[in-house]
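These notes are about the structure you will find just below.
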Amino acid sequence: MPDDEKILIESITSPHHTERVNKAKYMAMRHALLAALPAQAPGLTVAEANIAILPHLSEVEFPGGAKAGWWLKAVQLDLEAKGIIQRGPRKPVRLFKCP
């Protein structure tokens with residue numbers, strides 16, 4: 001996949017707004033986040049998810065975990081908008097895969 005290939009993402013917090021982002025980084029983070037999140041509630045806090053993704057991150061796309069926080073949030077909001085993951089009802093935000 002070329003370095004400049006883009007993918008269109010959404011955000012659950014900004015309906016009807018889309019953003020074009022690097023596809024390779026998006027897919028690498030998507031894989032890491034889905035590998036780290038549990039399949040049921042209560043799920044992981046965003047801070048816990050940030051730690052849990054580290055073993056699953058691509059060193060090519062995220063050397064030493066660089067920029068992982070921004071990409072985690074972007075992918076989280078996109079996957080929530082697409083109904084692939086969801087957040088629990090209370091604070092702090094806890095994430096888990098949709099059934």
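The table for this structure:
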quantity: Residues located in the stretch 38-49, provided they are at pLDDT 95 or above and either more than 10 Å from Arg94 (Cβ to Cβ) or of a type in the set (Asp, Glu) (or both); calculated: Ala39, Ala47, Glu48
quantity: Residues that are among the charged types (D, E, K, R) and surrounded by fewer than 13 Cβ atoms within 10 Å (Cβ to Cβ), drawn from the stretch 7-45; calculated: Arg20
quantity: Residue check, Ile53 out of contact with any Cys (no Cβ under 6 Å at 6 or more places or on another chain), surrounded by 12 or more Cβ atoms within 10 Å (Cβ to Cβ) and in contact (Cβ under 8 Å) with a residue 60 or more places away in the chain; calculated: no
quantity: Members of the stretch 71-94 found to be part of a loop (DSSP other than H, G, I, E, B) and touching a residue at least 40 places away in the same chain (Cβ under 8 Å), listed by number; calculated: Lys82, Ile84, Gly88, Pro92, Val93
quantity: Hey, Ala68 without any contact (Cβ under 8 Å) to a residue 40 or more places away in the chain, open to solvent by less than 50 Å² (accessible area, probe 1.4 Å) and within 12 Å of the chain's Cα centre (by Cα) or not; calculated: yes
quantity: Sole residue being free of Cβ contacts under 8 Å to residues at least 12 places away in the same chain, in a helix (DSSP H, G or I) and open to solvent by 20 Å² or more (accessible area, probe 1.4 Å), chosen from Glu59, Glu48; calculated: Glu48
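The values are calculated or read from the model by the stated rules, or taken from the named source; none is laboratory data. In this text, all values refer to a predicted model and were calculated from it rather than measured experimentally. In this analysis, Cβ positions are derived from the backbone assuming ideal geometry, glycine residues included, and neighbour counts consider all displayed protein chains. These accessible areas exclude ligands, DNA and RNA; they are computed on the full protein's heavy atoms, side chains included. Shrake-Rupley method; radii C 1.70, N 1.55, O 1.52, S 1.80 Å.
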